[in-house]
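What follows is a set of notes on a single structure, which appears directly below.
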Amino acid sequence: MVNTVLADLQSKIESRYDLDIPYRIEQFFSSDKMIANRLADEQARNGQQRPVVDEEVVFIHQAKNSLEFTVYVDEQLLAAVDDSQADLDGICTVVEGVSHAVCLLWHAHNDRQIRPIDLELQAEIDKYVILLENHSCKLERRYLHRCLFANSTLTPQLDKELRDRYSMASKLASEYCHWLGGHLMEVQDSAALRQELARFYRLSGHAKFDHIQRLH
């Protein structure tokens with residue numbers, strides 16, 4: 001079941017960062033491409049750039065006192081992950097969608113602000129942290145890091161603002177995950193790792209940037 005994939009990934013992210021979110025993210029997901037295109041059209045009519053509806057898109061609408069969002073993930077991609085048939089890129093795309101949903105819900109529930117760059121930074125880190133369960137030794141962690149960061153490419157049709165945002169998020173996440181892999185993951189379930197991840201998640205966006213820069 002697709003909902004099982006989403007629930008399992010939500011549980012893993014909540015466990016890694018010691019989160020407690022009173023919402024199930026599948027309520028905020030859609031795999032209907034017609035709905036996604038309609039939301040993209042509405043975004044364009046509101047003066048925003050129309051996003052390309054491909055494998056994963058987040059649609060956010062913020063009113064004065066409320067936050068509404070829908071995460072679109074391609075139905076075939078979700079099914080492939082459910083059947084353990086997806087490649088690394090496919091798995092990362094689904095993890096990214098779940099990460100976005102969890103991050104938005106946690107910040108909204110705790111009345112915390114979040115910038116688009118912070119959302120992307122956390123998603124990049126979440127992919128590394130979640131996939132570590134299948135990359136336990138140091139060589140495997142280095143290989144995972146290369147696959148996620150050194151070998152990653154951006155979609156050509158992105159505009160400059162989005163390219164800059166994704167590039168910055170990937171650069172910062174690469175530095176943070178490299179530090180995690182080298183300093184805290186010799187014992188993957190160590191108390192130090194859990195405490196670091198929980199503390200990092202709760203930092204403001206600017207504080208996360210400062211924390212990563214101080215790791216050099």
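Here, each number is a calculation from the coordinates, and none is a lab measurement. Keep in mind it's a predicted model, so treat the numbers as computed, not measured. FYI the Cβ positions are ideal-geometry reconstructions off the backbone, even for glycines, and counts take in every protein chain you see.
Tabulated data for the structure shown
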read-out: Under 15 Å from the S152 label point (7 Å along Cα→beta-carbon), backbone N, segment 50-85; value: 56
read-out: Folded to 0 to 90 degrees: helix 116-131 orientation relative to the chain principal axis, Cα; value: 50
read-out: Burial ordering of M168, M34, fewest other beta-carbon atoms within 10 Å first; value: M34, M168
read-out: Cα-centre dipole for segment 113-216 with unit charges at Cβ (Lys and Arg positive, Asp and Glu negative), debye to 20; value: 140
read-out: Segment 39-192 - charge dipole about Cα centre, Lys and Arg +1 at Cβ, Asp and Glu -1, debye rounded to 20; value: 660
read-out: Distance (nanometres) between label positions extended 7 Å along Cα→Cβ at A44 and E140; value: 4.5
read-out: Rg and Dmax [Cα atoms of the chain; Å; Rg one decimal, Dmax integer]; value: 16.8, 51
read-out: Nearest-0.05 FRET efficiency for A7 and D54, computed from C-beta distance (R0 30 Å); value: 0.80
read-out: Equivalent ellipsoid semi-axes - Cα gyration tensor, segment 71-167, angstrom; value: 22, 17, 16
read-out: Centroid-to-centroid separation of segment 1-21 and segment 197-216 [C-alpha atoms, Å]; value: 22
read-out: In degrees, nearest ten, helix 160-183 long axis to first principal axis of the chain (Cα); value: 30
read-out: Of K12/K208; K12/K138; K64/K208; K64/K171; K138/K171; K12/K160, pairs whose Cα-Cα distance is over 30 Å; value: K64/K171; K12/K160
